[in-house]
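No value in this document is a laboratory result; all are computed from the given coordinates. Keep in mind it's a predicted model, so treat the numbers as computed, not measured. Please note: Cβ atoms are built from the backbone with ideal geometry, for glycine as well, and neighbour counts cover all protein chains shown.
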Amino acid sequence: MAYIGGPLVLIFNWNTEYFLYSLLAFWFTVHLGISIGMHRWAAHRSFQPRNKLIEVILHFLIVINTVGSTITWSGTHRLHHKTADTDDDPHKIDGQPFLTKLKYWFNFWPSHHVSPKSIGDLARDPLHKWFHKNYFKVLLIYIITLLVIDVNLFLYGYLVVTMFSIHWISWITVGAHIWGHTDHEVGDSSKNTFLMGLLMWGEGWHNNHHYKPGTFEFGWNWKQPDIGKHVIKLIAKPESLRYRKVK
Ligand SMILES: [Zn+2]
Ligand SMILES: [Zn+2]
């Protein structure tokens, strides 16, 4: 919906102030929800939030990004790490023709099978299960609430924000397997990129991440900025943090 809705809003209902607010909202929503919540917490279990309230907030932020529940997304993502660049990789980018990469950028991925065993930990967790089951209800209530308050809140606060988020995520799922440099020989096409590391709260250090997927640290030193890991230190139980060095 946001792929088409977002650009239509910008073309037919342009408002510079709302646009700038959307940019700001997206920058926080996508990184708190997807990089920290979905990716580092749910998919990799690299830390545990301090309390249930933080878990609920992360789940809510995950839902409003509209890329699926933690259980669905993590299953695919774990498979990607396990099978990177092989024919079993659900997000195989390396060696694909340009049009296929473009299709993937817009989230038209080939179907794949995720073993229920690989997401057993999430499927057994009551909160992950609840948000998985009620994913569309929560999303719908959020959208209706925005609409009731102000239609522009839906147009810019949801459609434009989500348009930015889904393209932004493709910079990693697709882009981080095309552009950048390799610092660790991990046997796949994952790349590190300084600019994306800086702007994407650490997600641009994708080659680091493929090398050590279990750690919450994506940038490993001051030359590799990673806003996400600093936020995680604030919201995580300190004893739950999985450090690269002690792994
Ligand atoms: Zn990857
Ligand atoms: Zn990952």
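A few points about this structure:
- Magnitude of the charge dipole, the chain, Cβ model with Lys/Arg +1 and Asp/Glu -1, debye to 20: 760
- Three semi-axes of the equivalent ellipsoid, the stretch 1-112, Cα gyration tensor, whole Å, largest first: 26, 24, 10
- Those GluC sites (Glu not before Pro) in the stretch 139-247 that DSSP places in a loop and that have at most 14 other beta carbons within 10 Å: GLU185
- Computed from label points 7 Å out along Cα-Cβ, the spacing between LEU23 and LEU195 is 1.5 nm.
- Cβ-placed point charges (K, R +1; D, E -1), dipole of the stretch 168-242 about Cα centre in debye, nearest 20: 220
- The chain: most fluctuating residue of SER74, SER170, SER115 per GNM, C-alpha cutoff 10 Å: SER115
- Computed over the Cα atoms of the stretch 131-204, the ratio of the radius of gyration to the Kirkwood radius (Rg/Rh) comes to 1.17.
- In terms of distances greater than 32 angstrom between alpha carbons, the cross-link table entries LYS103/LYS245; LYS103/LYS129; LYS52/LYS101; LYS133/LYS223; LYS133/LYS237 yield LYS103/LYS245; LYS52/LYS101; LYS133/LYS223.
- Positive dipole terminus of the chain, leading residue within ILE172, GLN48, ILE144 (C-beta point charges): GLN48
- Projecting the Cα atoms of GLN224, PHE131, VAL186 onto the charge dipole of the stretch 120-247 (Cβ charges, centred on the Cα centre) puts PHE131 farthest toward the positive pole.
- In a DSSP loop and with at most 14 other Cβ atoms within 10 Å, the trypsin sites (Lys or Arg not before Pro) in the stretch 1-57 are ARG50.
- The 3J(HN,Hα) values that the Karplus relation (6.51, -1.76, 1.60; θ = phi - 60°) gives for the stretch 15-20 are, in residue order, 8, 4, 4, 4, 4, 5 Hz. Gly and Pro appear as x.
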